[in-house]
Each structure stands twice: as C-alpha cells, then as structure tokens.
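Trainee: Supplied in structure tokens, the structure appears directly below.
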Amino acid sequence: MKQIALDIGLAAGPGLSNYFAGPNEAALSHLQLWVGDSHTAQHRSPVPLYLWGPSASGKSHLLKAVVQALQEQGSQVGWLDANSPPDQSFNPAWAAVVMDDVHLYATAQQHTAFNWFVNASTPTTGEPRPVLAAGNVPPAQLHLREDLRTRLGWGHVFALQVLQETERRAVLRQAADARGVFLSDEVMDFMLKRFSRDLGSLMQLLDALDVYALQTQRAITIPLLKSMLEDI
C-alpha cells in the first residue's frame, strides 16, 4: 500500500523540547546542555558537532531546534543546506554556524562550507564559533573535499537512529493522552500504514486530528480521519 506524505502545517516548529529522543537521548542531552541560556552563552563550547543517520532520524529537527533556541536568546546564526545559495559570505556576527545535509553539497557549497568552518574556528576577531552539521553517513564516508570532511569529524559525533514502530506507537499514545484524546489501535494502525512514518509527520497528523475532532465534535475514528483529509 502506497504511503501518503503529509504536510498539514499545524504542528509547532522544531524544538529541543518536542524532539522524541528514544535511542538518541545522548545527542539530545548534549545539545540541551550546550544551548543552555543567554547567561551561559560566553561559556558555550566551540567544539564542532556532527550528527549522522538515515532520513527521519531527526537530524534537521535538532539543528533547526538549536537555531531557534539561539535566536530566542538574541543570537544570529549562519545556516547552510543543499538548497542555500553557494556564495554566501561568513558573518562575524554569527554566534554559530549550522550546516544541514552536507552529503548533498555541490562543489560551490563545499567551498562556502569550508570557508565558514575556517572563519568560525579561527576568527580574526572574537572567540571561535561552534559549527554544528549533519549528514546521512559518518564523516569518514562523506564524499566531500578532504579538508571539509576531516573538519566535520573533528569534534563530537553522534549517530542517530530512526524510532522503531513500537517506539512511534508509544510516542503517539503518550502525545494523544497528553491532549486528552483517545486513539484506538485501529486508528493508529491506519496512521502508521497509510502515512509517512517519520515521527514529525505523524505528530502533525495527530495535531490536525485533534483540532478537526474538536471542530466537528466527533471522536477520532478512521472515517473522521478520511473526512478531514477530504476537507484539507
């Protein structure tokens, strides 16, 4: 049965508090301690960090959550991904540099990433800035220019895993209970079989179902789910 990708857009943005760690608790705990608050910013470690793992393991979620946390503290952050313009200059005002999906970088983006890394690590003025990056394989297996690849593996490296189905079920059940929503086994089976199985999409679906059920004053059932999708 073909899975359906879902982009309802009702879920909250990525945050460290709404990342369901499961087997990735070590990476989450490290980032929570590292982000800290605005009072601990000057003591924040400049050691690079690299996250790697398959799609839907939460790499981008964690990086975006860090960016959001730093921005809420009043800091500017440099962001580079596979869709970013490749000719961006390093900004000395940045408190950190974040690079997502580095395994997809074209030659020009690799040049920019290396330039940012060097400027962040050995600034002409001020303290070194941390570099946080993510890719789908360990640093040693990245098909990137050697000087960038080796720098990505300099510091902390965390391997992320995708949550297993039993863990996704437990998270959905916990999230539904927290909303005061009854989610039957039949509805959960339908969600897991018919929709994108990454946890972010499933949580968006649950958020949408909760809102739709309140609006229609109906219990969450498979017919309600189908009705909601027809109204989107």
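Since every read-out is calculated from the coordinates, none of them should be taken as a lab result. This structure is a prediction, so every number in the text was calculated from the model and none was measured. Note that each Cβ is placed from the backbone with ideal geometry, even for glycine, and that neighbours are counted across all protein chains shown.
Trainee: Based on Cβ point charges of +1 for Lys and Arg and -1 for Asp and Glu, what charge dipole magnitude is obtained for the chain about its Cα centre, in debye rounded to the nearest 20?
Mentor: 240 debye
Trainee: If you place +1 on the Cβ of every Lys and Arg and -1 on the Cβ of every Asp and Glu, how big does the dipole about the Cα centre of segment 105-232 come out, in debye to the nearest 20?
Mentor: The calculation lands at about 220 debye.
Trainee: Enumerate the calculated ³J(HN,Hα) couplings along segment 117-130 in order (Karplus 6.51 cos²θ - 1.76 cosθ + 1.60, θ = phi - 60°), each rounded to whole Hz, writing x wherever the residue is Gly or Pro.
Mentor: 3J(HN,Hα) across segment 117-130, in whole Hz: 4, 5, 5, 6, 7, 10, x, 6, 9, x, 8, x, 9, x.
Trainee: Toward the positive end of the charge dipole of the chain, about the Cα centre and with charges on Cβ (Lys, Arg +1; Asp, Glu -1), which of Leu224, Gln164, Leu205 goes farthest?
Mentor: Gln164
Trainee: Moving on. [x] 18.3; [y] 19.3; [z] 19.8: which one is Kirkwood radius over Cα pairs in Å as calculated from this entry?
Mentor: After the calculation, the listed value that fits is [y].
Trainee: A further question on this structure: Of all the C-alpha pairs in segment 165-231, what % are more than 18 Å from each other?
Mentor: 26 percent
Trainee: Further, regarding this structure: Which value in nm describes the separation of the simple spin-label points at His103 and Val47, placed 7 Å from the Cα toward the beta carbon?
Mentor: Taking the simple label geometry, His103 and Val47 are separated by 2.5 nm.
Trainee: Using the basic label-point model (7 angstrom from Cα toward the beta carbon), what is the Gln164 to Asp177 distance in nanometres?
Mentor: So the label points at Gln164 and Asp177 sit 2.0 nm apart.
Trainee: Go ahead and run the numbers for FRET between Glu230 and Leu33, Cβ-Cβ distance against an R0 of 45 Å, rounding to 0.05.
Mentor: After rounding, the FRET efficiency stands at 0.50.
Trainee: Let me know the longest stretch in the chain that avoids all chymotrypsin sites (Phe, Trp or Tyr not before Pro) found in a DSSP loop with at most 15 other C-beta atoms within 10 Å.
Mentor: Free of exposed loop sites, the longest segment is 1-153.
Trainee: Let me ask another. Between 0 and 90 degrees, rounded to the nearest ten: what's the tilt of helix 185-194 against the longest Cα principal axis of the chain?
Mentor: So the helix axis and the longest Cα principal axis differ by about 50 degrees.
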